[in-house]
Amino acid sequence: MKKNYFLNDCKSFLVILTVFLSNFMFAQRNSLPPPVENQFWKNVQFGGGLGLGFGSGYTDISIAPSAIYNFNEYAALGLGAQYKYLKQKDFYASNLYGGSIIGLLNPIRAIQISAELEQLRVNVNLEGSNSNSQDYWNTALFIGAGYRSGSATIGARYNVLDDKNSIYGSAFMPFVRVYF
């Protein structure tokens, strides 16, 4: 008779021990850390510019997408692409395309300082009696500063490599920069 009590007590103990251990194991499985998300894409912003200009026999169309990686709230580095079509009726038609590298510094939230190295391929087809074509590379290094509010910055930049053969009419030019 004592054997039955002992066996019943052992069975009860084993059932309780099994339930306790299984609950402990499920509790451990529920407390695993969440999967690590890729932080890279959280620090990337996209932006760029679109331009459209029309006049008496003049056309200017441009598209310039870009992306930056924010290392922290003070510094970012990015890449950009650019395509521009210019045409002056009875004078020339031009295609410009290339890329750029841009660095941004924000010493305080409202001020943005930038440096941008741009390399563009220029294809010009001159029209008229002395028609010919020109193909060459144009390099520009812009240093700029602007006022920043939210995702937009408005400011000015200066091409320190400007010379008489530059594709830009002036070394100094205003800009509006937007990143989302």
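The values are calculated or read from the model by the stated rules, or taken from the named source; none is laboratory data. Just so you know, these numbers come straight off a predicted model, no measurement behind them. We place every Cβ from the backbone using ideal geometry, glycine too, and count neighbours over all the protein chains shown.
Structure above, values below:
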{"read-out": "Counted residues, the stretch 99-116 - those being surrounded by 14 or more Cβ atoms within 10 Å (Cβ to Cβ) and over 16 Å from residue 67 (Cβ atoms)", "value": "5"}
{"read-out": "The stretch 126-177: number of residues that are farther than 18 Å from residue 66 by Cα, of a type in the set (D, E, K, R) and surrounded by 11 or more Cβ atoms within 10 Å (Cβ to Cβ)", "value": "2"}
{"read-out": "Matching residues, the stretch 51-94, being of a type in the set (S, T, N, Q) and closer than 25 Å to residue 143 by Cα", "value": "62, 66, 70, 72, 82"}
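Here's the yes/no breakdown for (1) in contact with an Asp or Glu (Cβ under 7 Å, 6 or more places away or on another chain); (2) modelled with pLDDT under 95; (3) surrounded by fewer than 10 Cβ atoms within 10 Å (Cβ to Cβ); (4) not assigned by TED's automatic domain parsing to the domain that holds residue 135:
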| site | (1), (2), (3), (4) |
| --- | --- |
| 9 | no, yes, no, yes |
| 28 | no, yes, yes, yes |
| 51 | yes, yes, no, no |
| 58 | no, yes, no, no |
| 80 | no, no, no, no |
| 92 | yes, yes, no, no |
